[in-house]
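Here is the structure we will look at, set down as structure tokens.
The values are calculated or read from the model by the stated rules, or taken from the named source; none is laboratory data. Treat the numbers as computed from the prediction; the structure is a model and nothing was measured. Note that each Cβ is placed from the backbone with ideal geometry, even for glycine, and that neighbours are counted across all protein chains shown.
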Amino acid sequence: MNLLRPRGYRCLFCLVEFASAVRSIIDAGRLVDTLAGQLPFSIEDKQYLLECISVKNRIEKLLELMQSEIEISEIEEKIQERVKKQMEKTQKEYYLNEQMRAIQKETWERDDLKEVSKRIRRG
């Protein structure tokens, strides 16, 4: 899921290091700041999280944003899966059509040979 891979954390080791650092944060406000800085939120949302004085409101907004990102990520995964299935179906159909053409070509060539053979026998 894209939300679990904050920007800049491409390798698993880096992600583990980030998770370890986040787990060690005790202060709720600092936790919100750290997550807001690393997760793919708009500049406006990040600014709100940094400027809001109420830690409770910051946490609620962070959770709302994270839930929204999770929903977006799930939709993206569904779309990618549909596209993958459609591509596989299209490739399969193409392969089968090519096989059919090859069979037809082979059949026509045999029919042509039979016709030539018949003409030779008659003639």
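What residue, of Glu93, Glu51, Glu81, is exposed (fewer than 10 other Cβ atoms within 10 Å of the Cβ) and either among the charged types (D, E, K, R) or at pLDDT 90 or above (or both)?
Details: Glu93 fails: exposed (fewer than 10 other Cβ atoms within 10 Å of the Cβ); Glu81 fails: exposed (fewer than 10 other Cβ atoms within 10 Å of the Cβ).
The conditions single out Glu51.
Tally the residues that are of a type outside the set (A, V, I, L, M), assigned to a helix (DSSP H, G or I) and modelled with pLDDT of 85 or more, restricting the search to segment 1-36.
Filtering segment 1-36 for residues of a type outside the set (A, V, I, L, M) gives 2, 5-11, 13-14, 17-18, 20, 23-24, 27, 29-30, 33-34.
Applying the additional criterion that residues be assigned to a helix (DSSP H, G or I) yields 2, 13-14, 17-18, 20, 23, 29-30, 33-34.
Remaining after also requiring modelled with pLDDT of 85 or more: 23, 29-30, 33-34.
Count: 5.
Could you check segment 37-48 and list, in sequence order, the residues that are in contact with a Pro (Cβ under 6 Å, 6 or more places away or on another chain) and either in a loop (DSSP other than H, G, I, E, B) or at pLDDT 90 or above (or both)? Lay out the reasoning, then the answer.
Here is the first cut: in segment 37-48, the ones in contact with a Pro (Cβ under 6 Å, 6 or more places away or on another chain) are 38-39.
Leu39, the sole residue that qualifies.
Return the pairs, sorted by first residue and then second, in which the second residue is of a type in the set (Ser, Thr, Tyr) and at pLDDT below 85, the first residue lies in segment 101-115 and is surrounded by 10 or more Cβ atoms within 10 Å (Cβ to Cβ), the beta carbons are less than 9 Å apart, and the residues are 6+ apart or on different chains.
Correct list of pairs: empty, since none qualify.
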